[in-house]
Amino acid sequence: MKTPVRVAITGGAGQISYSLIFRIAAGDMLGPDQPVILQLLEIPPAMDALKGVVMEINDCAFPLVQDIVATDDPDVAFAKADVALLVGARPRGKGMERADLLQANAEIFSVQGKALNDHASRDVKVLVVGNPANTNALIASANAPDLDPGQFTAMTRLDHNRALTQLAQKTGKHVTDIEGMIIWGNHSATQYPDIAHCKIDGKAAADLVDQNWYRSDFIPTVQKRGAAIIEARGASSAASAASAAIDHIHDWVLGSDGIVSMAIPSDGSYGIEPGVIYSYPVVCQNGGYEIVQGLDVDDFSREKMTATETELREERAAVENLL
Ligand code: NDP
């Protein structure tokens, strides 16, 4: 039997985790022959709910689950963790400004960064899902000086997957026919879903769809998809967020099939401010990822890429005291 992989998940009693944990336990993230140890973190008021989640995991009798840890102590949750999914975050309360939200989450993610630094595997792969995900990842990384900043990533894979489906439906193709989708920047309404480098069955996507549809329909639809789902179902898009988190880690660990989008520390590629956690086109192999270099950037794309970079710089400035 393979050595079990320790997977830490924060916000273990939340909506996203309620979908995420069971798919990880079934082998969807790390493979059908990879045993896992689930290390679930919650805040004290949610520990009863977490107990219920653990009862349900046990009731599934998953062959791959070797052990389950449920705790409100980050040092315990992240002990020897190989993969850390930081899902739990403070939701925006009534009357809370964006700066207040950033600050409240900054405190949570600085504590978690320290705990990862002190207790996780030296090779831990961290994915931040909890919003504002990019800046939360930056804070966690800044508080983990013994880990490589490249080990801290944030999720734009849901935006990437949403963009694939919008384009597939518009062109009457399947998502698997599309290569080269890119989400640039922040996981927020400023993100830039870019089809300039997309090919559908080998043909340039930009030649197959009307520019007007691309700019006035596709981009805002992808940017505002989360709100549209809340409107339709009366609850947020938890299952698709969980599925995207699984895709992100699956590809990082096991390799991607072509280009995928991941928010990672900028190294200055494409003229983006170094250090901010910016979503780039990457290819994953051998447990690592590399930014796809050398893509042409036209004026339209540059403007969009800069707008989302500016927002990330502003978010970073708002939490400077915790970096
Ligand atoms: P969810 O599980 O629905 O969401 C968790 C986080 O993921 C939120 O920040 C949410 O952002 C974000 N998110 C990212 N993408 C999406 C998406 N597509 N759809 C929905 N959410 C998305 O939240 P719950 O409130 O159900 O659960 C959060 C849990 O985390 C609670 O049980 C709480 O107790 C816990 N928590 C744990 C902490 C810890 O472990 N230390 C700290 C803080 C909270 P957005 O708010 O913008 O939707």
Rounded to the nearest 20 Debye, what is the dipole magnitude of the chain about its Cα centre when Lys and Arg each give +1 and Asp and Glu each give -1 at the C-beta? 540
Taking the Cα centre of region 38-77 as the origin, how large is its charge dipole in debye, to the nearest 20, when only Lys and Arg (+1) and Asp and Glu (-1) carry charge on their Cβ atoms? 120
Read phi for every residue in region 258-275 and hand back ³J(HN,Hα) as whole Hz from Karplus 6.51 cos²θ - 1.76 cosθ + 1.60, θ = phi - 60°, with x for Gly and Pro. x, 7, 10, 9, 9, 8, 9, x, 5, 9, x, 4, 6, x, 7, 3, x, x
For region 126-145 and region 157-209, write down the distance between their C-alpha centroids in whole Å. 26
Log entry: pair-distance distribution for the chain, C-alpha pairs binned every 10 Å from zero, whole % per bin is 6, 27, 36, 23, 8, 0
Give the Cα extents of region 1-76 along the principal axes, in whole Å, largest first. 36, 24, 18
Starting from the eigenvalues of the Cα gyration tensor, five times each then square-rooted, give me the equivalent ellipsoid semi-axes of region 236-323, largest first, whole Å. 23, 18, 14
Hey, got the Cα dimensions of region 184-277 along the principal axes, in Å, largest first? 38, 33, 29
Cβ-based charge dipole, region 167-323, positive-most Cα from Ala238, Gly271, Ala206: Ala238
Cα point-scatterer Debye curve for region 56-171, base-10 log of I(q)/I(0) at q = 0.10, 0.16, 0.20, 0.21 Å⁻¹: -0.39, -0.84, -1.05, -1.10
Rounded to the nearest 500 deg cm²/dmol, what is the calculated helix-only ellipticity per residue at 222 nm for the chain, with -39500 (n - 2.57) per DSSP H run of length n ≥ 4? -12500 deg cm²/dmol
Quick one: dipole size for region 239-298, taken about the Cα centre, charges +1 on Lys/Arg Cβ and -1 on Asp/Glu Cβ, in debye to the nearest 20. 180
Sort 217-226, 124-133 by packing, meaning the average of other beta carbons within 10 Å per residue, with the highest value first. 124-133, 217-226
Can you give me the long-range amide H partners of Asn186? Hydrogens built in the peptide plane at 1.01 Å from N, cutoff under 5 Å, separation of 5 or more residues or another chain. Gln191, Tyr192, Ser279
Taking amide H positions as placed in the peptide plane 1.01 Å from N, state which residues far from Ala70 in sequence (5 or more) or on other chains have amide H under 5 Å from it. Leu40
Cα-Cα over 26 Å: which of Lys51/Lys224; Lys224/Lys304; Lys125/Lys203; Lys114/Lys224; Lys51/Lys94? Lys51/Lys224; Lys125/Lys203; Lys114/Lys224; Lys51/Lys94
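Read-outs: derived from the displayed coordinates by stated rules, not from any lab. Computed from a predicted model, the values in this text were never measured in an experiment. So basically every Cβ, Gly included, is an ideal-geometry build from the backbone, and we count neighbours across all protein chains shown.
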